Structures are given as structure tokens and as C-alpha cells.
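K.L.:
This is the structure, below, for whatever I ask next.
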Amino acid sequence: MALSIRGQAFSLLLAYGLGLGLGLLYDMLRPIRRRGGDTLWDGLFCLCAAGAAFFLAMRAESGVLGTGELLMSLLGLLAYFHFLSPACFPAMEALVSEFGVLLANTQLLIKKVAFSAKKLFQNSQG
């Protein structure tokens with residue numbers, strides 16, 4: 001039994017949203033990729049994209065990801081990169097930068113506490 005027109009439209013809209021979501025995920029991972037090795041983050045993106053495509057295909061009645069869904073996902077991804085990425089990427093870059101500063105300060109604090117604890121225990125022993 002074929003999907004109704006409403007079901008097909010919803011499936012295409014869902015595929016478009018998938019493309020937008022993958023674009024957002026790519027922008028979230030891009031600042032991290034620029035700071036270090038990109039193999040792990042590329043693999044994570046590919047795994048998320050494959051999983052999302054699998055769940056989209058399993059949602060379909062026949063369990064097959066059609067050409068229309070693939071095209072709409074691509075259009076959603078391209079629309080994200082063209083319209084939303086110029087505004088979202090600087091925010092993601094700033095967020096990752098702030099997180100890096102927070103992480104560096106936390107590491108410094110941990111080193112100071114460890115040094116103080118080591119000094120305290122050495123003084124208490126003898």
C-alpha cells in the first residue's frame with residue numbers, strides 16, 4: 001500500500017529537517033575539528049548521519065530511503081550552509097573557545113590542588 005500524499009509530504013519535510021540538523025551538527029563539530037585531529041570527529045559525524053538516514057528509512061513504509069528523501073536531505077543541508085551557518089558558526093566557535101578556556105582553568109586548578117595536597121602530605125609524614 002502506497003503512502004498517502006500527506007504521509008509523503010511529511011516524510012519529505014522530515015528529510016529536510018534531517019538535512020538542517022546534520023548541518024547544525026557539522027557546525028558544532030567544525031571548531032573542534034579545527035583545533036585538533038579531525039578523523040575522530042569526521043567519523044562521529046558520518047556515524048550520526050548514517051544513523052539518522054537509517055532511522056528515516058525505517059520510518060518509511062517500505063523501509064527504503066527514497067531518492068526524494070535523499071534530495072530533500074541534501075537541500076536541507078545546503079540551505080543550512082547557505083542561510084544559517086554564517087550566523088551559527090561564529091557562535092559555535094565562541095562557545096568552543098570559552099569551553100577551552102574553562103577547561104584550561106580547571107586543569108590549572110586541579111594541578112594547584114594536587115601540588116598543595118602533595119606538599120601537605122609530605123609535611124605531615126616527617
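The values are calculated or read from the model by the stated rules, or taken from the named source; none is laboratory data. Note that the coordinates shown come from a computational prediction; the quantities given were computed from them, not determined experimentally. Every residue, glycine as well, gets a Cβ built from its backbone with ideal geometry; the counts of neighbours run over all protein chains shown. Keep in mind that these areas ignore ligands, DNA and RNA; they rest on the heavy atoms of the full protein, side chains included. Shrake-Rupley method; radii C 1.70, N 1.55, O 1.52, S 1.80 Å.
K.L.:
Within the set of pairs 6 or more residues apart or between chains, which connect a residue that is open to solvent by 70 Å² or more (accessible area, probe 1.4 Å) inside segment 91-104 to a residue that is part of a helix (DSSP H, G or I) with Cβ atoms less than 8 Å apart?
P.N.:
Close Cβ pairs (under 8 Å, with a partner that is part of a helix (DSSP H, G or I)) amount to LEU95/PRO31.
K.L.:
I would also like to ask the following. Of everything in segment 52-77 that's assigned to a helix (DSSP H, G or I) and of a type in the set (Ser, Thr, Tyr), which residue is farthest from GLY21 (Cα to Cα)?
P.N.:
Here the residue is THR67.
K.L.:
I would also like to ask the following. For segment 1-45, enumerate the residues that are out of contact with any helix residue (DSSP H, G or I) (no Cβ under 6 Å at 6 or more places or on another chain) and of a type in the set (Asp, Glu).
P.N.:
Residues satisfying the conditions are ASP38, ASP42.
K.L.:
Are any residues in segment 45-77 within 19 Å of the chain's Cα centre (by Cα), of a type in the set (A, V, I, L, M) and exposed (fewer than 14 other Cβ atoms within 10 Å of the Cβ), and if so, which ones?
P.N.:
LEU47, ALA50
K.L.:
Taking segment 27-44, which residues are touching a residue at least 24 places away in the same chain (Cβ under 8 Å) and open to solvent by less than 70 Å² (accessible area, probe 1.4 Å)? If you could, list the steps in order and put the result at the bottom.
P.N.:
Step one: list which residues in segment 27-44 are touching a residue at least 24 places away in the same chain (Cβ under 8 Å), which gives 27-28, 30-32, 35.
Residues satisfying the conditions are ASP27, ARG30, PRO31, ILE32.
K.L.:
Can you find a residue that is in contact with a helix residue (DSSP H, G or I) (Cβ under 7 Å, 6 or more places away or on another chain) and either of a type in the set (Ser, Thr, Tyr) or not in a helix (DSSP H, G or I) (or both) anywhere in segment 95-107?
P.N.:
no
K.L.:
Would you mind finding the one in TYR80, TYR16 that is open to solvent by less than 40 Å² (accessible area, probe 1.4 Å), at pLDDT 95 or above and assigned to a helix (DSSP H, G or I)?
P.N.:
TYR80
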